[in-house]
1. Being more than 7 Å from RNA strand B (Cβ to nearest atom), touching a residue at least 24 places away in the same chain (Cβ under 8 Å), surrounded by fewer than 18 Cβ atoms within 10 Å (Cβ to Cβ) and assigned to a loop (DSSP other than H, G, I, E, B) is the filter here, so list the residues in region A:332-371 that pass it.
2. Taking the condition under 29 Å from the mean Cα position of the chain (by Cα) and either surrounded by 18 or more Cβ atoms within 10 Å (Cβ to Cβ) or more than 14 Å from RNA strand B (Cβ to nearest atom) (or both), does residue A:449 pass?
3. Being assigned to a loop (DSSP other than H, G, I, E, B), within 14 Å of RNA strand B (Cβ to nearest atom) and either more than 17 Å from residue A:103 (Cβ to Cβ) or modelled with pLDDT of 95 or more (or both) is the filter here; which residues of region A:220-257 pass it?
4. Is there a residue in region A:174-181 that is under 19 Å from the mean Cα position of the chain (by Cα), closer than 30 Å to residue A:400 by Cα and within 16 Å of RNA strand B (Cβ to nearest atom)?
5. Consider residue A:383 against the criteria (1) in contact with a helix residue (DSSP H, G or I) (Cβ under 6 Å, 6 or more places away or on another chain); (2) assigned to a helix (DSSP H, G or I); (3) modelled with pLDDT of 95 or more; (4) farther than 26 Å from residue A:505 by Cβ: it satisfies all of them except one. Which criterion is unmet?
6. So if I check each of A:153, A:133, which one is within 12 Å of RNA strand B (Cβ to nearest atom) and modelled with pLDDT of 75 or more?
7. In region A:1-21, how many residues are in contact with a strand residue (DSSP E or B) (Cβ under 6 Å, 6 or more places away or on another chain) and within 16 Å of RNA strand B (Cβ to nearest atom)?
8. Would you mind finding the one in A:267, A:287 that is closer than 30 Å to residue A:173 by Cβ, more than 10 Å from RNA strand B (Cβ to nearest atom) and either within 22 Å of the chain's Cα centre (by Cα) or not in a helix (DSSP H, G or I) (or both)?
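The values are calculated or read from the model by the stated rules, or taken from the named source; none is laboratory data. Small disclaimer: the values here were computed from a predicted structure and weren't measured. All Cβ positions, even for glycine, are placed from backbone atoms using ideal geometry, and neighbour counts span all protein chains on display.
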RNA sequence: GGGCCCGUAGUUCAGCUGGUUAGAACACGCCGCUCAUAACGGUGUAGUCGCAGGUUCGAAUCCUGCCGGGCCUACCA
């Protein structure tokens, strides 16, 4: 089942014009869970995140605040780095598009595309709205104005173009040959119908601002931010050195996780750029959904972007990580509400799982001299429960491979439920008086189930899992998925004093 | 305008290659337990499956129309 095949996963690089919020946290945590899962499953993982730092907006924002673009960028990039630390993200690398390694790679890719005749110099003309900062097509205009109602003017600009139009058929062939290249299904259909509708050549340079990577040989132009940004996925692997260990090991990427807003860039432009440069396209681009907050869209006017720090301060890190992945089918939109988070935290984490661990550990502590009890002879209910635990990794692995985080967690929680039922049925507190040997078999069974649960939950809630594994005295080296089958708890091992893992969230009384 | 998706218990959703009394979780009622984070377990109430037609021996599940909601429909993130 397991394999040591390399696994390369990326978050989008986050635009430094924004401050980190719930949406960034979501994408990043989802990637982190997959990265951790694959590592625990024995795979060689490279997990990349970073920041996108060029473009007109950054240049303007910097000017507005009276700092240089580089200063602004340094400051805001740090914010995303801190978010990763705050969320206990296990990224192996953090790339910034202002780093020399990236700039060098982007220019090399440009030259490669140029050498292959994929780039030409032409004129870009269209109706430009200064207010919207956007060009519009003739047929998009309404009464000679932008769809937004803004005034437009005819602008012509010398631009380099990428021959995207030439790639329509090859893109479609790529989607056909790789049904999983774009997920979920609905998104794939959207992308394909978009491409079938015909592709225009893409303007890939700008002369109206300067905060960007200069076009090799024509520094009046800077490279279009998306061509700049997307390439981070390979410059982080050492491109243009295609023989490097990193590049040859980890490319093509197994998964680019993106928000649905930037799917097109990843599912159309990016594969086209890569193929045009003679490189392999990614194995999968997955577009996840959006969160609303208390039923409302996150927006600048409502100013309801929740900073990750606030979430963690309020609920604790692991409950937030759990909630984000448990609450809705990955790929769908969902609502982030205080009520829902508290429901998950108190119901799933504190009552079901946390309390299960607590009741079992306390009984062992009191009735077994705080040592892992001797299993002795096991009865049918014991082996049934243990079988359920032993079968669980396979189920979870299947769900994770389909990125169905919610189903993975749901299947883990089914075992939590079975274990709680088993406790009630076996009533070890009764056995402690009448049949101590039987009690030990029951408590050993439960401890083993806890060990399975703790290890399976590690990718989702690394801190809490660690606490539980510490309380079970599971050695550091026996905390991966291989250890599930090969390193059962050893009778007689001394256990520390039990401590709650998931405290209940108690509402502050309103005043 | 064109394309795609959704509308099922109070709530969030599953079921939808048509076929026994439409399921789960949460919430709510009752019962049990007392090891445990006033936690756990059992059990019950609850739905004209958006509306109207049609196909079929039989439709939540297929077809048509309507109503309601969402997404996509190319460049400065």
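1. A:337, A:370
2. Against the criterion (under 29 Å from the mean Cα position of the chain (by Cα) and either surrounded by 18 or more Cβ atoms within 10 Å (Cβ to Cβ) or more than 14 Å from RNA strand B (Cβ to nearest atom) (or both)), residue A:449 qualifies.
3. A:231
4. No, because not a single residue in region A:174-181 is under 19 Å from the mean Cα position of the chain (by Cα), closer than 30 Å to residue A:400 by Cα and within 16 Å of RNA strand B (Cβ to nearest atom).
5. Only one criterion is unmet by residue A:383, namely (1).
6. A:153
7. So the answer is 7.
8. So the residue among A:267, A:287 that is closer than 30 Å to residue A:173 by Cβ, more than 10 Å from RNA strand B (Cβ to nearest atom) and either within 22 Å of the chain's Cα centre (by Cα) or not in a helix (DSSP H, G or I) (or both) is A:267.
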